[in-house]
Amino acid sequence: MEQDLSRIGISLPEHLLEKFDRIIEKRGYASRSEGIRDAIRSYIRYYEWMSEVEGERVGTVSMVYDHTHRGLVDTLTDVQHEFSGIIRSSIHFHIDHDTCMEVLLLRGEGKDVKAVAERIMTIKGVKHVKLTTIRPGEEI
Ligand code: NI
């Protein structure tokens, strides 16, 4: 099948590209472009999945961040207080000198649960955010 391909140019930190190249080599991609296409598909799937998170949910938001990043801890605390109605608990784990992992446990309307994850994703210095949710009472 013929597909119209568009060319794009992107700038990214060298270490990120090196890491990406190592992964696509290990996974056997024919080219960097194929790896990037696959990564973009995953990103779109994840976003679409997040868009469907609604109704009563329980879930977790896990994150990894650099606590030495100026203002980050204050911003994170503000966000957590803003959503204190649905954040039931949290776990904090100091990974190394600068890096923290935190997991929030939530229960509430899916849109709000998702809003917590989306807000945290935009905070500078946060390196990784992952949202998982289930519907309470749903058979697994
Ligand atoms: Ni810590």
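Key figures for this structure:
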item: The chain shape via C-alpha gyration tensor axes, a/c threshold 1.5; result: oblate
item: Total lysine pairs whose alpha carbons fall under 29 Å of each other in the chain (8 or more apart, or interchain); result: 12
item: Cβ charges +1 (Lys, Arg) and -1 (Asp, Glu), total dipole of the range 55-134, debye; result: 240
item: With eigenvalues of the C-alpha gyration tensor scaled by 5 and rooted, the range 11-67, Å; result: 28, 17, 10
item: Mean separation of Cα contacts under 8 Å, 6 or more apart, over the residue count of the chain: relative contact order %; result: 30
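Here, each number is a calculation from the coordinates, and none is a lab measurement. The structure displayed is predicted, hence computed values, not measured ones. Quick reminder, even Gly has a Cβ in these numbers, built from the backbone with ideal geometry, and neighbours come from all protein chains shown.
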